[in-house]
Amino acid sequence: TQLLEQSPQFLSIQEGENLTVYCNSSSVFSSLQWYRQEPGEGPVLLVTVVTGGEVKKLKRLTFQFGDARKDSSLHITAAQPGDTGLYLCAGSSGAGSYQLTFGKGTKLSVIP
Amino acid sequence: NAGVTQTPKFQVLKTGQSMTLQCAQDMNHEYMSWYRQDPGMGLRLIHYSVGAGITDQGEVPNGYNVSRSTTEDFPLRLLSAAPSQTSVYFCASSRTGHEAFFGQGTRLTVV
C-alpha cells in the first residue's frame, strides 16, 4: 500500500510570512498533485508535477517534485488570508489505473 | 461549464436503508472515482472506473456498489447503510488518470 505523509498537520501563521508544506513517501509515483480544499467544498487541483526534480510556480506558490519522485513540497511566499485552507497532496501510480493516494492534509490558517 | 455534479448535497439515512449517490460529469472524461473523507483519515478511494463498463475496487469498497453504463454517469450505491458510512463523499473525474476534478460533495449521515 502506498502512503503519503504530509507535514505539518496544522500551520497557523501571520499574513506576509513564508511557509513550506511537505509530502513524503517511500513509494515512487508517476505523478504528484497538490489540491486546496475550503470548508464545505471539494478539493481543487492546483498543480500536477510529473518529472523528478520538476519545479512549478503558480503566482506565490512554488511546487517541487523530488528527484526520486517520492516526495514533494509546496512553498508559499508572503502568505495572505485567502491562502487559508486544507492543502492535500496526492500521488498517482499510473500504469493505466486511476488510484490516487492522498495525504491527510495540512490545515493552513493565515491570520490578518 | 458544470464540471462534476453530485446529488444530493445532504442526506440522512436510517441504518439498513439503501440509497444511490449520483455523479455526472460533462467533460467527457474517461476516468471517474468515488472517495470518502473522514476526519483524521483523509480521502480514501472507494471505487473507480477507467471507462464505460469498467469498474474496480479501491481501498474501502465494502458496503458500496458502482456501475458505469455511460461515460457521463458514475452512481455510488449504498446497499444497507451503517453508521460507519457517515462521511462526506466526493466524486471525481479525470482526462488523463493523473489528477482529479472533484464535485461539491455529499454529506451523508446514517442514524
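Every number here is computed from the coordinates shown, using simple stated rules; none is lab data. What you see is a predicted model; the values in this text were computed from it and never measured. Here the Cβ is made from the backbone with ideal geometry for all residues, glycine too, and neighbour counts use every protein chain on show.
Out of A:Arg36, A:Arg69, I need the residue that is assigned to a strand (DSSP E or B), free of Cβ contacts under 8 Å to residues at least 60 places away in the same chain and not β-branched (Val, Ile, Thr). Which one? Before the answer, list the steps.
Numbers: A:Arg69 fails: assigned to a strand (DSSP E or B).
When all the criteria are applied, what remains is A:Arg36.
Say we look at region A:87-103 and pick out the residues that are touching a residue at least 40 places away in the same chain (Cβ under 8 Å) and surrounded by fewer than 20 Cβ atoms within 10 Å (Cβ to Cβ); which of these is nearest to B:Gly42 (Cα to Cα)? Let's see the steps before the verdict.
Applying the first criterion (touching a residue at least 40 places away in the same chain (Cβ under 8 Å)) to region A:87-103 yields A:87-95, A:100-103.
Filter once more, so that each one left must be surrounded by fewer than 20 Cβ atoms within 10 Å (Cβ to Cβ): A:93-95.
On the way: A:Ser93: 18, A:Gly94: 21, A:Ala95: 24 Å.
Step by step, filter region A:87-103, then rank; the result is A:Ser93.
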The lone exception for A:Glu54 - which of (1) free of Cβ contacts under 8 Å to residues at least 60 places away in the same chain; (2) buried (at least 19 other Cβ atoms within 10 Å of the Cβ) it fails: (2)
List the number of the failed condition for A:Phe29; all other conditions in (1) of a type outside the set (Val, Ile, Thr); (2) assigned to a loop (DSSP other than H, G, I, E, B); (3) more than 11 Å from chain B (Cβ to nearest Cβ); (4) in contact with a Ser or Thr (Cβ under 8 Å, 6 or more places away or on another chain) hold. (3)
Is it the case that B:Tyr64 is away from chain A (no Cβ under 14 Å), under 12 Å from the mean Cα position of the chain (by Cα), among the aromatic types (Phe, Trp, Tyr) and on the phi < 0 side of the Ramachandran plot? yes
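For B:Thr71, state whether it is within 22 Å of A:Phe102 (Cα to Cα) and outside any strand (DSSP E or B).
On the way: within 22 Å of A:Phe102 (Cα to Cα): no; outside any strand (DSSP E or B): yes.
Spelling it out, it is not the case that B:Thr71 is within 22 Å of A:Phe102 (Cα to Cα) and outside any strand (DSSP E or B).
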Condition first: within 14 Å of chain B (Cβ to nearest Cβ) and out of contact with any Leu (no Cβ under 9 Å at 6 or more places or on another chain). Now tell me which residues in region A:60-97 satisfy that. A:Gly94, A:Ala95, A:Gly96, A:Ser97
What residue, among those in region A:99-112 that are part of a loop (DSSP other than H, G, I, E, B) and touching a Leu at 6+ places or on another chain (Cβ under 9 Å), is nearest to the other protein chains (Cβ to nearest Cβ)? A:Lys104
